[in-house]
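A quick write-up on the structure given underneath.
The values are calculated or read from the model by the stated rules, or taken from the named source; none is laboratory data. These numbers were taken from a predicted model, which means no experiment stands behind them. Methodologically, a virtual Cβ is constructed for each residue, glycine included, from the backbone with ideal geometry; neighbour enumeration extends over all protein chains shown. In case anyone asks, the SASA skips ligands and DNA or RNA and just uses the protein heavy atoms, side chains included. Shrake-Rupley method; radii C 1.70, N 1.55, O 1.52, S 1.80 Å.
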Amino acid sequence: MAAPHRPGSRTPQDGLARRTASAVSGTPARLGLAQLASVLACAALGIAGFLAGTGQAADLDTAHADAVDLVVTHELRNALVSADASATSAFLVGGLEPTATRESYSENLAAAAHAIPPLAARAPEHAEELATVSEAVQRYAGLVESARANNRQGFPVGIGYLDLASATLRDEVLPVLDDVADHVTVRMGGHLSAVSSRQALLLVGAGALVVLGLVQWWLARRTHRMISPWMVVATTVALVGGVAASIGVIGGNVVARNVAAGPYAATVASSAALAEATDAKSQESLTLIKRGSGREHEERFEESTARAAALLSASDDAVGTGRPTGQLLQTWLDAHAEIRALDDSGRWEDAVAAAVATDDDSATAAFETFAAQAGQDVTTTGERAAVVLTKASAVSHAAGWVALVAGLLAACLTTAGIWTRQREYL
């Protein structure tokens, strides 16, 4: 049984508290605590700046990779709908289709087939769906060949094969690619959010500078000296590291957001607009192929071109330039309206002739001019986004290392500065 506590007696805890208070009551001990606090503050500043800078650089690199994947997905989709547009246009010509049209179909289909495996490797969570896409593309190609063979012999069944091919593409392939694009978009959004969240680590650096300021204020009062040269230099070095980290990290966040709203948004919008317009080109041919019973294809044409126009408008706003891509789309739409006027007035042969003509004033020429400009837009804005993100990543990475070196150097300087004062008490 423990002895009762008597008034005036000391417990072990009281003794420990008194010894601790006695140990830090003298100036040398307090100088030691100030030294420890300064070193820890400098180290925290350096480590926080390093993690913020290098971490943000990694996030920017990953966001760039996501942007590339998204553009690749759109380009894969564009290749497929371009191949389909060529196939339907060739079917409309009948007999032995133009060599250029056939080559365009083959090249786009081959490009799509070669793009699927690398995309599946970069998006393993969609590997199974993309394998299904690959199989569906092969079936699509087989149906197109059947439609082509029957059409060359004048058999009406060729239209049925073409309808099956179109349904395979739009029901089994394009929805999967749209899902992949949506997933990559969400993933990129997460990495851009991570770029922004790295700024929180800068608060650690700000706190470290406050600690260094308080230590110098205490030293000035305790030692009756206005400044401590070593501590002033240490604080200056730490400040340089903190400012470098802040410029790199805050600047990286600003760049990421500007790229996301500017050239990257324009790249995605232009690519999606090209896909919508190319799909509409297929619907134009299918409407004529159905010869009076293709109203549903014309409705799809109108829906796709409306989406393309809206996307191009958003793209122009994002980059802030007066690029003529939307005007080129309208030029093609005007030519399409003339084709529809011929068909609706009972001049089907003339409408077909206008649709397959390739002279400079034809609807085909107008579409190809638009498609070439839209493709150039994708390339130009995509390269611009890549260059800006790469530079921002390099700046953030360098700023992180500057902060780390500055923090460690400042820690050494504070140690030397306070040790100078401690020696006066030895």
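Could you order LEU36, LEU70, LEU328 so the one with the most accessible surface comes first? Probe is 1.4 Å. Please report the intermediate quantities before stating the final value.
Working: LEU36 95, LEU70 5, LEU328 40 Å².
Sorted by accessible area, descending: LEU36, LEU328, LEU70.
Could you tell me which of GLY190, LEU162, LEU203 has its Cα farthest along the dipole of the range 162-250 towards the positive end, charges placed at Cβ (Lys, Arg +1; Asp, Glu -1), taken about the Cα centre?
Of the listed residues, the answer is LEU203.
Dividing the Cα radius of gyration by the Kirkwood radius, what Rg/Rh value follows for the range 264-356?
On the way: Rg = 14.5 Å, Rh = 13.8 Å.
Ratio value, two decimals: 1.05.
For q = 0.11, 0.12, 0.16 Å⁻¹, what log10 I(q)/I(0) does the range 26-179 give under the Debye formula with an equal point scatterer on each alpha carbon and no solvent?
Evaluating at q = 0.11, 0.12, 0.16 Å⁻¹ gives log10 I(q)/I(0) of -0.57, -0.63, -0.89.
Bin width 20 Å, origin at 0, all Cα-Cα pairs of the chain: what percent of pairs per bin?
22, 34, 20, 15, 8, 2
Taking the Cβ-Cβ separation of SER345 and ALA206 as r and a Förster radius of 56 Å, what is the calculated FRET efficiency to the nearest 0.05?
Working: r = 74 Å, r/R0 = 1.33.
Once the sixth-power term is evaluated, E becomes 0.15.
Only helical DSSP H runs with n ≥ 4 go in: add -39500 (n - 2.57) per run for the chain, normalise by residue count and round the 222 nm mean residue ellipticity to 500 deg cm²/dmol. Don't jump to the answer; show the numbers that get you there.
Numbers: 13 runs with 363 residues, N = 426.
After summing the helix terms and dividing by the residues of the chain, the value is -30500 deg cm²/dmol.
With every protein chain kept in place and ligands, DNA and RNA left out, what is the accessible area per residue of the chain? Probe 1.4 Å, answer in Å².
Values: 20420 Å² over 426 residues.
With all protein chains present, the chain gives 48 Å² per residue.
Which of the DSSP-defined H helices in the chain satisfy a minimum axial length of 20 Å, computed from C-alpha atoms, and a minimum mean Kyte-Doolittle hydropathy of 0.0? List each step's numbers first, then the result.
Values: long enough: 27-93 (97 Å, 0.82); 99-122 (35 Å, -0.15); 127-152 (38 Å, -0.42); 174-197 (34 Å, 0.46); 202-223 (32 Å, 1.31); 229-261 (47 Å, 1.42); 263-290 (40 Å, 0.16); 295-319 (36 Å, -0.76); 325-344 (28 Å, -0.32); 363-423 (90 Å, 0.56).
Within the chain the helices that satisfy the rule are 27-93, 174-197, 202-223, 229-261, 263-290, 363-423.
Leaving out ligands, DNA and RNA, and with a 1.4 Å probe, what % of the accessible surface on the range 233-357 is carbon or sulfur? It would help to have the intermediate numbers written out before the result.
Details: 2990 of 5140 Å².
The computed percentage sits at 58.
Quick check: the distance between the Cα centres of the range 31-47 and the range 100-155, to the nearest angstrom?
Here the two parts' Cα centres lie 63 Å apart.
Suppose every Lys and Arg Cβ carries +1 and every Asp and Glu Cβ carries -1, with no other charges. What dipole size does the chain come out with about its Cα centre, to the nearest 20 debye?
Working: 31 positive and 44 negative charges, 944 e Å.
Approximately 4540 debye in magnitude.
May I ask which residue of ALA273, GLY292, ALA306 lies farthest towards the positive end of the charge dipole of the range 258-310, with charges of +1 (Lys, Arg) and -1 (Asp, Glu) on Cβ and the Cα centre as origin?
GLY292
Within the set of other residues whose C-beta is less than 12 Å from the C-beta of ALA115, count the net charge using Lys and Arg as +1 and Asp and Glu as -1. Show your work: numbers first, answer last.
Working: positive: ARG77, ARG122; negative: ASP69, GLU75.
Every neighbour counted, the sum reads 0.
Distance in nm between label sites at VAL254 and GLU145, each 7 Å beyond Cα in the beta-carbon direction?
So the label points at VAL254 and GLU145 sit 5.8 nm apart.
Determine the order of ARG257, ARG170, ARG148 by accessible area, beginning with the largest, at a probe radius of 1.4 Å.
Working: ARG257 130, ARG170 40, ARG148 65 Å².
Descending accessible area places them as ARG257, ARG148, ARG170.
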